[in-house]
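Below you'll find the structure, written out as structure tokens, and then a few comments.
The values are calculated or read from the model by the stated rules, or taken from the named source; none is laboratory data. Because the structure is predicted, anything quoted here is derived from the model rather than measured. Cβ coordinates were reconstructed from backbone atoms using ideal geometry, including for glycine residues, and neighbour counts include every protein chain displayed. Ligands, DNA and RNA are excluded from the accessible area calculation, which covers all protein heavy atoms including side chains. Shrake-Rupley method; radii C 1.70, N 1.55, O 1.52, S 1.80 Å.
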Amino acid sequence: MDSLKQWEALAPQNEWINTALNNMDAQTKQDAFYKSLEFGTAGMRGLLGVGPNRMNIYTIAKANLGFGKYLVETFGKDISIAIAYDNRHQSLEFATVSAKILSTFGIKSYVFLNPRPTPELSFAVRDFKCVGGIVITASHNPKEYNGYKVYDETGCQLVDHKIKRVIDLINENPIETDIDVSVGDESMITWIDTDYDQVYLDAIKSIQLRPDEKKTLNTVFTSQHGTSFPLIPDLFKQTGYSVDVVTEQSSYDPDFTNTKTPNPEDLASYDLAIDYARRLGSDLILSCDPDADRMGIVVKHEGEFVYLTGNQGGSILQEYIYTSMKRPANPIMYNTVVTSDLGEKIAKAYDIEVQKTLTGFKYIGEKIEKNKNKDFVFGYEESYGYLIAPFVRDKDALQACMMVAEAANYYKNQGKTLVDVLNGLYDTHGAHYEITVAVELKGEEGLAQIQEILKSLRTSDVDSIGDIKVSHFDDYLTSQRSDGTTLDFPSSNVLKYFLEDGSWVAIRPSGTEPKCKFYYCIVAKTMDEAKEKQIKIAHDIMTRVGL
């Protein structure tokens, strides 16, 4: 591996490189040096460490050389970007290196002084009239990870054709170890202090639909050591909501010491918050991932604390928003091809147009910008990513927490919980059981195995799954439906099988983690029946792919 020799040449002058190389076994070295980090649905994300397949100041510098060339090529001179970062190891260092490298192109940077939410970065790009943005974050990944996401002038993550140009320009650069990471003009950096938070919070307060409703809700909130603290507690206090903060998880701790996992999709992440809620008699628990673009919900219902999935939360939010808002002329909702059909059924019941996108909130942001003749009313992904108002062009956990609290408060005053609302939706539209199974397959061998799983399914005749006949399937890689219909989506390595009973299964590689994801949306008369059906369908799928 030539790249290993190049890094070894840096070791005598860089103690951190020398130490890291000495502590790596053969397999770890193979994984760190066999390829370069790639951009996925949410940018570049990987383990911290030495090597081209790791997050470090050299791979960050190389990415910024490509991004800087792209910005100058696209927008010319006298341009600026905004940069934010989360609580992870080396986040501030990566943000500073990014700003300094971009300064060599004459690009000015607005950089947050403290860890701040990803959606606040999107907001700042628009507010400061920047031509782009950067967030240093690995979202909900474990502490060993960090990442790099890039944004366009609308505050949306770069979509495929833009990312492709950035990648082409990155690949024109010298190898990462030849880059001088000490260059740059710090006078071109403007530091954004915490006073700016209020500008963003004021925008979020404007989304309230029932601001005068009597506040009877009691909420426990955890930031999971991430960037949503202190903004969400401040937001709730300013809007009159009672909120108790899980103080043990409110520090910007890069090791996530006091949480089992910072991922709101993982039930273990709520353990401490549920302890708080039991002790305090709270109605609602809200949790954000570290960069505060996604949030999770646990509701007290009939004396028990019930976890709501991202699909369930999206369905409930739609029911509340559509019945509370002043209806615009041309309302439209966006979700993804792996999001539950229940949300689409709710929207159509209220005569709201629905458009689907591939996984990745950048596609929803792109739709918002393209469809300016439409009135955006909601956008969401199944993985707890919600957007209520488009002054941000990425998923926004702060907007979502505000709206979930408002909905829970309103329904509490009606004698209902959010679970009651969800059950009412099942009564109207049928029981929908949605579950995502992510199979971790690490390293070079794991990547090859994931590709083989999708390849084997494409070359197999899948006539039925779990004894239920397949009505048709969509292959987003070829943009073709099995009946010959052309799909209007960018090419993506996703397969989706539609079953005759209205259920479906989708399979795709994760764009940000070494995982193959299996999405199930199972429809039945009752939830018990749907869960039984899912077990049978999942067993069939896993047997087919050898997992």
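If the Cβ limit is 6 Å and pairs must be 6+ apart or interchain, which residue in the stretch 422-442 that is touching a residue at least 40 places away in the same chain (Cβ under 8 Å) and β-branched (Val, Ile, Thr) pairs with which residue that is surrounded by fewer than 15 Cβ atoms within 10 Å (Cβ to Cβ) and outside any strand (DSSP E or B)?
Here the result reads VAL439/LEU547, each pair linking the stretch 422-442 to a residue that is surrounded by fewer than 15 Cβ atoms within 10 Å (Cβ to Cβ) and outside any strand (DSSP E or B).
Please state which one of LEU113, LEU92 is over 21 Å from TYR363 (Cβ atoms), open to solvent by 40 Å² or more (accessible area, probe 1.4 Å), over 19 Å from the mean Cα position of the chain (by Cα) and touching a residue at least 60 places away in the same chain (Cβ under 8 Å). Don't jump to the end; show me each part of the working.
On the way: LEU92 fails: touching a residue at least 60 places away in the same chain (Cβ under 8 Å).
The conditions single out LEU113.
Need at least 2 residues that are at pLDDT 95 or above and touching a Phe, Trp or Tyr at 6+ places or on another chain (Cβ under 6 Å) per element, so show me which helices (runs of 4 or more DSSP H) inside the stretch 1-78 make the cut, counting only ones lying wholly within it. Talk me through it step by step, then tell me what you get.
Working: elements: 2-10, 15-22, 26-33, 57-75.
Of the helices (runs of 4 or more DSSP H) lying wholly inside the stretch 1-78, those with at least 2 residues that are at pLDDT 95 or above and touching a Phe, Trp or Tyr at 6+ places or on another chain (Cβ under 6 Å) span 57-75.
Give the stretch 480-509 a look and list any residue that's part of a loop (DSSP other than H, G, I, E, B), within 22 Å of VAL545 (Cα to Cα) and open to solvent by less than 50 Å² (accessible area, probe 1.4 Å), or say none.
SER492, ASN493, VAL494, SER503 - these are the residues of the stretch 480-509 that are part of a loop (DSSP other than H, G, I, E, B), within 22 Å of VAL545 (Cα to Cα) and open to solvent by less than 50 Å² (accessible area, probe 1.4 Å).
Among the residues of the stretch 349-396, how many are of a type in the set (Ser, Thr, Tyr) and either assigned to a loop (DSSP other than H, G, I, E, B) or open to solvent by 30 Å² or more (accessible area, probe 1.4 Å) (or both)?
Filtering the stretch 349-396 down to residues of a type in the set (Ser, Thr, Tyr) leaves 350, 357, 359, 363, 380, 383-384, 386.
After this cut, where a residue has to be either assigned to a loop (DSSP other than H, G, I, E, B) or open to solvent by 30 Å² or more (accessible area, probe 1.4 Å) (or both) as well, the list is 350, 359, 383-384.
Looking only at that region, the number is 4.
Which condition number in (1) β-branched (Val, Ile, Thr); (2) part of a strand (DSSP E or B); (3) under 23 Å from ARG45 (Cα atoms) is the one that VAL470 fails?
It is condition (3) that VAL470 fails.
Yes/no per residue for (1) buried (at least 19 other Cβ atoms within 10 Å of the Cβ); (2) in contact with a Gly (Cβ under 8 Å, 6 or more places away or on another chain); (3) at positive phi:
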| position | (1), (2), (3) |
| --- | --- |
| THR257 | no, no, no |
| TYR270 | yes, yes, no |
| ASP283 | yes, no, no |
| SER315 | yes, yes, no |
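Looking at the stretch 142-183 only, could you name the residues that are of a type in the set (S, T, N, Q) and either assigned to a helix (DSSP H, G or I) or under 25 Å from LEU4 (Cβ atoms) (or both)?
Going through the stretch 142-183, the residues of a type in the set (S, T, N, Q) turn out to be 146, 154, 157, 171, 173, 177, 182.
Those that are of a type in the set (S, T, N, Q) and either assigned to a helix (DSSP H, G or I) or under 25 Å from LEU4 (Cβ atoms) (or both): ASN146, ASN171, ASN173, THR177, SER182.
Among the residues of the stretch 273-297, write down those that are touching a strand residue (DSSP E or B) at 6+ places or on another chain (Cβ under 6 Å), over 30 Å from TYR148 (Cα atoms) and not in a helix (DSSP H, G or I). Outline the logic, then answer.
Taking the stretch 273-297 as the starting set, the residues that turn out to be touching a strand residue (DSSP E or B) at 6+ places or on another chain (Cβ under 6 Å) are 273-274, 276-277, 280, 282-288, 294-297.
So of that shortlist, the ones also over 30 Å from TYR148 (Cα atoms) come out as 274, 276-277, 280, 282-284.
Within the stretch 273-297, SER282, ASP283, LEU284 meet the criteria.
Among (1) crowded, with 18+ Cβ neighbours inside 10 Å; (2) not in a loop (DSSP other than H, G, I, E, B), which single condition is ILE535 missing?
(1)
I'd like the full set of residues that are within 14 Å of VAL439 (Cβ to Cβ) and either open to solvent by less than 10 Å² (accessible area, probe 1.4 Å) or free of Cβ contacts under 8 Å to residues at least 12 places away in the same chain (or both), limited to the stretch 510-532.
Kept after step one, since they are within 14 Å of VAL439 (Cβ to Cβ), are these residues of the stretch 510-532: 510, 513-520.
Listed by number, the residues that qualify are CYS516, PHE518, TYR519, TYR520.
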